[in-house]
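Taking it in order: structure first as structure tokens, then the write-up.
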Amino acid sequence: MSFKPYHMNNYFFLMTTSPAVRSLFVRFHCTVWAVALLGISPQVGSTQSTSEIFSRLDQSAQSFTAATANIRATTHTGVINEDEVQTGTLVVKRYPKNELRFLINFTGPDAQGIALKGQMVEIYYPKLNAVREYDIGKYKDLAQKLILLGFGMTGHELAANYDITNLGSERIESQDSVHLQLIPKSSDVLKQLTRADLWISLKTSCPVQQKFYTPSGDYRLVTYSDVKVNPPHLPSSAMDLPKGAKRERMN
Amino acid sequence: MILTLVGISYGTLDETARRARGVGADIVIRPPATSIISLSSSPMSEDLLPFLMKQTHVTLATGTMIQSLGGFDTLTGIDLAQFNKLSGGFRFVKGGPFQGDDDVIVDEYYAREKRLSVGSSITLMNHPWRVAGIFESGKLARICAKLDVLQRLTSNSRKLSQIYLKVDNPNGAQSVVNDLRNKLPGYFIYTMEEFSSLLTINSVGLLRNFIGVVIGIAVIVGFLVVSMAMYTAVLERTREIGILKALGASSGYILNLIFRETLLIAIIGTVVGIIMTYGTQWLMLHAVPASLTQETVYQWWPIAGAISVVGALLGAIFPGWKAVKQDVIQALSYE
């Protein structure tokens, strides 16, 4: 048995609803916990409540400085039922003023490096030995919040940007995780993203998986493995694209 | 300044629309606005082409990949055989189609601007290319390369930026578009007529804002220049203004004189400005024909004239007030 839809937006539930509804809510919770304690469902015992997840994220966000991971991104085109898979590595690093930068290096025949530095996105094309720089201006926050969804992010940041539903515990990439469903609150974001699913590892408090649903019915599933949070010996060059590549400013 | 910049904006958009119409397609499909999530500028799969070919009334589907070269230039990857079926083929002025993987074909304007001829080498995207042919302008793009080569170089195997469709009955293109919009929600699907009509100043927010800024600057510059010129003129004519006042000229008479002069300057400035736009047009056509296209936008003549008159009249207010307020005795004794 899993702990099925539990509206995370009800983080403020106890403060805002009527006493009768509140009482019903509390009794429902007591029942669930009683059942869990009686050992009827061992999985419920591992399910995190909203506030627990939020405080876990808040704590890890405070100490978050960097993370490295292997990444596997699957882009699904619904109308032709096609999956395109890219694999590579990810490095995320927090800079002053709470700025998160990342470098994704995809490997294989379509190898390329993608870095976000401030409001600049740099794309490295190995076959051209060139780095193309794009100023994404006002989309900087969107790029940071979407691609790095769950990395170094507090629970309150998540709740401020999304309506959240807890879909319970799941095991992804051999890790126990909490599955959250996020619906963007911003109408601008909704134009690009109708829903995002996020699996937060109970071990690292970082994402083990993200799934982005687009208005076209397609989705992008990104899975992280071998996630290392705050790695002790991350060289300063870990965020650099190849130095010898020719740089071109595109806008 | 206003007419030149508006002319460039209109010219660039109209040239883009002309090249889009030159493709010969009935329908264009663009990817959903999800490039931030997909991290790609060419997010459509090539496998959409067989799917689209199966749709009722669709007789041909072909895709292109567009890579920005910075500024207004782009490099477009095409499947030449399919594109020829769609458009009737390029009309080569010199040379011919691609011979090798590193060949590009360019239009005559680009060749003229970059002084290219068949066999010339050109570096685009930090990659050396050879010019295989120069074609008549007005078809799709100014620079084209082999689609699969561009896909490989940019690590976008089997990816497309845009898809063009030909249908059996062009008059029924709208119903095919409606059908496809249901099957491909989120994708931008237009008939070519609709797509061309979207290429206007009002639909390109950046250009609209750009023109707004240019108008604002023009009004401020016009205001300052006229204000300075008329203020100097009033100072220089202090004695004459004093004589007029001594002879009984009213404040209204003096103001009338100053504003009429300002109006004349503004009208002459507008006419000279219009004539100068033909000069800039000639200059662009001969110096940078591929990068900038300037049109004569007649409907902007009265708008630019009105802006210059308003700016000038605003600039003449203070000098006029200064002239009216002059003391007759002091003005007459002014050396």
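Does the stretch B:78-130 come out rounded, prolate or oblate by the C-alpha gyration tensor, with a ≥ b ≥ c the root eigenvalues, rounded set by a/c under 1.5 and, if not, prolate when a/b is larger than b/c and oblate if not?
oblate
Report the one residue of B:SER251, B:THR232, B:THR277 whose Cα lies farthest in the direction of the positive end of the charge dipole of the stretch B:205-332 (charges on C-beta: Lys and Arg +1, Asp and Glu -1; origin at the Cα centre).
Positive-end residue among those listed: B:SER251.
Based on the Cα atoms of the stretch A:89-244, what semi-axes does the equivalent ellipsoid have, where each is the square root of 5 times one gyration tensor eigenvalue, given in whole Å with the largest first?
26, 19, 16
Give me the dipole magnitude in Debye, nearest 20, for the stretch B:233-327 about the Cα centre, with unit charges on the beta carbon: positive for Lys and Arg, negative for Asp and Glu.
320
Place a +1 charge on the Cβ of each Lys and Arg in the stretch B:2-198 and a -1 charge on the Cβ of each Asp and Glu, then give the dipole magnitude about the Cα centre in debye, rounded to the nearest 20.
Dipole magnitude for the stretch B:2-198 comes out near 140 debye.
Let me know the Rg and Dmax you get for the stretch B:205-332 when you use only its Cα atoms, in Å.
19.1, 64
Determine the sum of side-chain charges near A:ARG72: Lys and Arg each +1, Asp and Glu each -1, restricted to other residues whose C-beta is under 13 angstrom from that of A:ARG72.
My count for the surroundings of A:ARG72 gives -2.
Output the DSSP H helices from chain B with an along-axis C-alpha extent of no less than 27 Å and a mean Kyte-Doolittle hydropathy no less than 1.0. Intermediate results must be reported in sequence, preceding the final value.
Numbers: long enough: B:2-21 (28 Å, 0.13); B:205-236 (46 Å, 1.92); B:251-287 (52 Å, 1.24); B:300-324 (35 Å, 1.33).
Span-like helices in chain B: B:205-236, B:251-287, B:300-324.
Rank these for me by crowding, A:MET120, A:MET239, going from fewest to most other beta carbons within 10 Å. Working shown, then result.
On the way: A:MET120 15, A:MET239 18.
Neighbour counts put them in this order, fewest first: A:MET120, A:MET239.
Within the set A:LYS93/A:LYS246; A:LYS243/B:LYS146; A:LYS93/A:LYS191; A:LYS127/B:LYS94, which residue pairs have Cα atoms separated by over 26 Å?
Beyond 26 Å between Cα atoms: A:LYS243/B:LYS146; A:LYS93/A:LYS191; A:LYS127/B:LYS94.
Is the C-alpha gyration tensor of the stretch B:68-176 telling us rounded, prolate or oblate? Criteria: a/c under 1.5 is rounded; beyond that, a/b larger than b/c is prolate, otherwise oblate.
Working: a/c = 1.96, a/b = 1.45, b/c = 1.35.
Prolate shape, in that a/c is at least 1.5 and a/b is the bigger ratio.
Positive end of the dipole of the protein assembly as shown, charges at C-beta (+1 Lys, Arg; -1 Asp, Glu), about the Cα centre: which of B:GLY7, B:VAL93, A:PRO242 has its Cα farthest in that direction?
Selected residue: A:PRO242.
Determine by what factor the alpha-carbon radius of gyration of the stretch B:137-218 differs from 2.2 N^0.38 Å, reporting the quotient. Provide the component values of the computation, followed by the final result.
Values: Rg = 17.6 Å, N = 82, 2.2 N^0.38 = 11.7 Å.
Taking N as the residue count of the stretch B:137-218, the ratio is 1.50.
Where does the charge balance sit around A:LEU116 when Lys and Arg score +1, Asp and Glu -1, over other residues with C-beta under 15 Å from its C-beta? Please report the intermediate quantities before stating the final value.
Working: positive: A:LYS93, A:ARG94, A:LYS97, A:ARG101, A:LYS117, A:ARG132, A:LYS138, A:LYS140, A:LYS145; negative: A:GLU99, A:GLU122, A:GLU133, A:ASP135, A:ASP141, A:ASP240.
Result for the local shell: +3.
When every alpha-carbon pair in chain B is counted, what percent end up more than 34 Å apart?
44
Assign unit charges at the C-beta atoms only (+1 for Lys and Arg, -1 for Asp and Glu), then state the dipole size of the protein assembly as shown relative to its Cα centre in Debye, rounded to the nearest 20.
540
Could you run the Debye sum over the Cα atoms of the stretch B:124-263, one equal point scatterer each and no solvent, and tell me log10 of I(q)/I(0) at q = 0.10, 0.18, 0.21 Å⁻¹, two decimals?
Relative scattering, expressed as log10 I(q)/I(0), comes to -0.68, -1.20, -1.27.
Would you please classify the overall shape of the protein assembly as shown from the alpha carbon gyration tensor, given that a ≥ b ≥ c denote the square roots of the eigenvalues, rounded means a/c under 1.5, and beyond that prolate means a/b larger than b/c while oblate covers the rest?
Oblate is the answer for the protein assembly as shown, as a/c is 1.5 or above yet b/c matches or exceeds a/b.
Restricting attention to the stretch B:135-199, which GluC sites (Glu not before Pro) occupy a DSSP loop and are surrounded by at most 14 other Cβ atoms within 10 Å?
The qualifying sites are B:GLU136.
Give me the net charge of B:ILE27's neighbourhood, meaning all other residues with Cβ under 14 Å from the Cβ of B:ILE27; Lys, Arg count +1, Asp, Glu -1.
Neighbour charge sum, excluding B:ILE27 itself: 0.
Tell me the Rg and the Dmax, in Å, that the Cα atoms of the stretch B:2-198 produce.
According to the Cα coordinates of the stretch B:2-198, Rg and Dmax are 16.8, 49 Å.
The numbers here are math on the coordinates, done by the rules we state, and not lab data. What you are looking at is a predicted structure, and each value in this text was computed from that prediction instead of being measured. Backbone-built Cβ (ideal geometry, glycine too); neighbour counts: all protein chains shown.
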